[in-house]
Amino acid sequence: MMRYLDNAATSAQKPLSVIAKMWKETLLTSVNAGRGAHRKSLRAVNGINKTAESLARLFNIADPSRIAFLPNATYALNLGMLGALSPGDHVVVTAMDHNSVLRPAALWGNYTIVPAGPDGFVDPGQVEKAILPETALVVCTHASNVCGTVQDVKKICEAAHECGALFMLDAAQSAGCMELDAEDLGADLIAFSGHKGLLGPLGTGGLYAAPDVELRPVITGGTGSLSESLYQPDFMPDILHSGTMNTPAVMALGTAAEIIENPEEIFVRERALAKDFEADLKNMDGVIVYGTDGDNRNGTVSFNVDGTDPAVLEEYLDRQHRIIVRAGYHCAPLAHKALGSGKTGSVRVSFGYFSTDSDRMAVSDAVYDFLNAHR
Amino acid sequence: MADILAQVGAITTANRISRELEKSGCLGARVVHTPAVLSSGGCSYSVIVPGECLAPLIKVSSETGFKIKKIYRERAEGGGSVYDEIS
């Protein structure tokens, strides 16, 4: 049997009801939502609105119309960051961020990267120090896609607000598999992927913008609204909904969101698997585990076998044991630098919704076999 | 009682209003293109509700924040429809 442990990239295993919904709506609703008042268009709009309402319930968002659907979290981060910034503005990001945050910041040009410790945490006090009078936005990942550390985003959000800046949360790794309460957190912008912890189809993600947040459009085009104007509508979600949406996928994301009743329970279960796996690794000679061993982490583990190219171990686990993991930099080079794996990257095992203790034991045994075979 | 037409800014809003009305027991709401005589062209959508749903319509709009641009009462005249602005 194959064991899929690359859930930080995407949850390749989907609930059957999500697959069925995607199939059904591909047959029935492969139409352009909100472009026309014919029955299929209205069915599509209704389905998309239902998905927004399901996600609003899950994230404790009062107004579902503040959620826009986009192809993935990368699009959401780009549209949120570049849409919230005005000429002269400065943005603060962190070393634990993914390239989908770092690259828009670099593209913007006026930015500061807050360092992280070798345990994979960002100190909110350091974030506060990095905020300048012209800082308009602070962006931080909720959970690291490299080693799973969960940042103190509430404190970072408070620091941003105290200095008059907006706070944007990168929830790519946390949406659906961790408690995420938009109201309690007070984030101004939340970017999320639909195809990871939320168990939706590939090509789904979105951006939440709090009611008082005004975005500038980055991508413009047909929205099915105010079509007589040459200018993009200024209201959510239309300001972000240019072009044809993947209607069946967004509707299936709604089905997935309804399955997830208690994200905290999922978080605790995935974290337990990660901690047990880490304990197994730490009993093996020559294995280096990166990041925290505390409780502020999710189900993602990064490690290396001393002197071994991570890609070799990835290939070994796949070819010899049919276990899917991921080697490399995971598009977060600065996180690796902070953790001490900057030269090689690491092997990442990321447990997900369908992972079991049998998977954990299998991957531990397989790493152990690798050590025996290569020593 | 004559139907009521509520003109809104986007089809998303139209859909949400019609669903909220349904939840409140006001059945028969329909999302349509805004009639050409009321629209300056382009994509504009409206919700048509039975006349008795006027009060629930206004209530839904104020409670949810879904913006209604204008409300009209529809009546038949000379084989066509005429829209009298209410608010």
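The values are calculated or read from the model by the stated rules, or taken from the named source; none is laboratory data. Treat the numbers as computed from the prediction; the structure is a model and nothing was measured. When we count neighbours, we look across all protein chains shown, and the Cβ atoms used for this are built from the backbone with ideal geometry, even at glycine. Heads up: the accessible areas ignore ligands, DNA and RNA and are worked out on the full protein's heavy atoms, side chains in. Shrake-Rupley method; radii C 1.70, N 1.55, O 1.52, S 1.80 Å.
To the nearest 0.05, what FRET efficiency results for A:D181 and B:V82 with a Förster distance of 45 Å applied to their C-beta separation? Please report the intermediate quantities before stating the final value.
Working: r = 50 Å, r/R0 = 1.11.
About 0.35, to the nearest 0.05.
Pulled fully out, how much extra length does the chain show between A:D285 and A:E315, if you take 0.36 nm times their separation in residues and subtract their Cα-Cα distance? Walk me through the numbers before you get to the answer.
On the way: separation 30, 0.36 × 30 = 10.80 nm, distance 2.06 nm.
Full extension from A:D285 to A:E315 adds 8.7 nm.
Can you give the relative contact order of region A:239-325 as a percent, counting alpha carbon pairs under 8 Å and 6+ residues apart? Can you show the working numbers first?
On the way: 51 pairs, mean separation 17.4, N = 87.
Once divided by the residue count of region A:239-325, the mean separation gives 20 percent.
Rounded, prolate or oblate, given the Cα gyration tensor of chain A, with a/c below 1.5 counting as rounded? Don't skip to the answer; put the middle values down first.
Values: a/c = 2.16, a/b = 1.34, b/c = 1.62.
Here chain A falls in the oblate category.
With every protein chain left in place, what is the accessible area per residue of chain A in square angstrom, probe 1.4 Å?
Working: 15090 Å² over 375 residues.
Per residue, chain A has 40 Å² of solvent-accessible surface.
Take A:N296 and A:L27, extend 7 Å from each Cα along the Cα→Cβ direction, and tell me the distance between the two endpoints in nm.
For the pair A:N296/A:L27, the computed spacing is 5.0 nm.
Rounded to the nearest 100 Å², what is the sum over both chains of accessible area buried where B meets A, with a probe of 1.4 Å?
1500 Å²
Tally Lys and Arg at +1 and Asp and Glu at -1 over the other residues with C-beta under 9 Å from the C-beta of A:R3: what net charge comes out? Numbers along the way, then the final one.
Details: positive: A:R322; negative: A:D359.
Taking every Cβ under 9 Å from that of A:R3, the sum is 0.
Between rounded, prolate and oblate, where does chain B land on the alpha carbon gyration tensor, with a ≥ b ≥ c its root eigenvalues, rounded for a/c under 1.5, else prolate if a/b exceeds b/c?
Numbers: a/c = 1.87, a/b = 1.27, b/c = 1.47.
Here chain B falls in the oblate category.
Compare the peptides A:2-9, A:89-96 by average per-residue count of other Cβ atoms within 10 angstrom and give them in order, highest first. Walk me through the numbers on the way to the answer.
On the way: A:2-9: 20.6, A:89-96: 25.2.
The densest-packed peptide leads the list: A:89-96, A:2-9.
Return the whole-Å distance between the Cα centroid of region A:171-201 and the Cα centroid of region A:233-259.
15 Å
Tell me what chain B gives for mean residue ellipticity at 222 nm when only DSSP H runs of n ≥ 4 count, each as -39,500 (n - 2.57), the sum divided by the residue total, rounded to 500 deg cm²/dmol.
Working: 2 runs with 24 residues, N = 87.
Result for chain B, helices only: -8500 deg cm²/dmol.
Using a 1.4 Å probe and ignoring any ligands, DNA or RNA, find the accessible area of A:D295 and quote it in Å² to the nearest 10.
90 Å²
Give the average, rounded to an integer, of partner chain Cβ atoms located within 10 angstrom of each Cβ in A:218-229. Present the calculation step by step, with values, prior to reporting the outcome.
Values: counts 0, 0, 0, 0, 1, 4, 6, 10, 5, 4, 6, 2.
If you average over the peptide's residues, the count of other-chain Cβ atoms is 3.
Hey, any idea what % of chain B's accessible area is carbon plus sulfur with a 1.4 Å probe? Don't skip to the end; give the middle numbers.
On the way: 2240 of 4320 Å².
Exposed carbon and sulfur together represent 52 percent of the surface.
Helix A:73-84 versus the longest principal axis of chain A: what angle, 0 to 90°, nearest 10, using Cα atoms?
Helix A:73-84 sits roughly 50 degrees off the main axis of chain A.
Nearest 500 deg cm²/dmol is fine: what mean residue ellipticity at 222 nm does chain A get from its DSSP H runs of n ≥ 4 alone, each adding -39,500 (n - 2.57), divided by its residue count? Display every interim value, and only then the final one.
Values: 12 runs with 146 residues, N = 375.
Value at 222 nm, helices only: -12000 deg cm²/dmol.
With the contact rule set at Cα under 8 Å and sequence spacing of 6 or more, what percent relative contact order holds for chain B? Walk me through the intermediate numbers first.
Values: 150 pairs, mean separation 33.9, N = 87.
This gives 39 percent for chain B.
For chain B, take the longest principal axis of its alpha carbons; what is the angle in degrees between that and the long axis of helix B:54-64, to the nearest 10 within 0 to 90?
That works out to roughly 50 degrees.
By accessible area of protein heavy atoms, probe 1.4 Å, what ranking do A:W108, A:W23 get, highest first?
Numbers: A:W108 70, A:W23 180 Å².
Largest accessible area first, the list is A:W23, A:W108.
Hey, what did region A:16-259 get for relative contact order, percent, Cα under 8 Å, at least 6 apart?
Numbers: 509 pairs, mean separation 69.6, N = 244.
Dividing the mean separation by the residue count of region A:16-259 yields 29 percent.
A:K14: which lysines have alpha carbons under 22 Å from its alpha carbon, excluding same-chain residues fewer than 8 sequence positions away?
Within the straight-line cut-off, A:K14 pairs with A:K24, A:K50, A:K196.
Accessible area of A:L42, 1.4 Å probe, to the nearest 10 Å²?
Here the residue's solvent-accessible area equals roughly 40 Å².
In region A:232-356, what percent of the accessible surface is made up of carbon and sulfur (1.4 Å probe, ligands and nucleic acids excluded)?
Numbers: 2310 of 5130 Å².
Heavy-atom surface of region A:232-356 belonging to carbon and sulfur, 1.4 Å probe: 45 percent.
May I ask you to derive the FRET efficiency for A:M2 and A:V268 from their Cβ-Cβ distance with R0 = 41 Å, giving the value to the nearest 0.05?
Working: r = 26 Å, r/R0 = 0.63.
It comes out at approximately 0.95.
What residues of region A:18-46 lose no less than 10 Å² of accessible area with every protein chain in place versus their chain by itself (probe 1.4 Å, heavy atoms only)?
When all protein chains are present, A:G34, A:G36, A:A37, A:L42, A:V45, A:N46 each give up 10 Å² or more of accessible surface.
Using R₀ = 45 Å, calculate the FRET efficiency as 1/(1 + (r/R₀)^6) where r is the Cβ-Cβ separation of A:S227 and A:E158; round to 0.05.
On the way: r = 42 Å, r/R0 = 0.92.
Approximately 0.60, to the nearest 0.05.
Peptides A:313-326, A:136-149, B:13-26: what's the order by average Cβ count within 10 Å, highest mean first? Let's see the in-between values first.
Details: A:313-326: 17.9, A:136-149: 27.1, B:13-26: 19.8.
Ranking, from highest mean packing down: A:136-149, B:13-26, A:313-326.
Shielding of B:3-11 by partners, i.e. mean partner chain Cβ atoms within 10 Å per residue? Let's see the in-between values first.
Details: counts 0, 0, 0, 0, 0, 1, 5, 13, 14.
Neighbouring Cβ atoms belonging to other protein chains average 4 per residue here.
Specify the angular offset, from 0 to 90 degrees and rounded to the nearest 10, of the alpha carbon long axis of helix A:357-373 from the longest principal axis of the alpha carbons in chain A.
50 degrees
Less than 10 Å Cβ to Cβ from A:P115, Lys/Arg counted +1 and Asp/Glu -1: what total charge do the surrounding residues give?
Values: positive: A:K337; negative: A:D123.
Combined, the nearby Lys, Arg, Asp and Glu give 0.
Considering only the protein assembly as shown, what is the antiparallel percent among its DSSP beta bridges, to the nearest 5? Kindly include the intermediate steps, with their values, before the conclusion.
Numbers: 42 of 61 bridges.
Of all bridge pairs located within the protein assembly as shown, approximately 70 percent are antiparallel.
Calculate the length of the line joining the C-alpha centroid of region B:41-87 to that of region A:88-132, in whole Å.
So the two Cα centres are separated by 49 Å.
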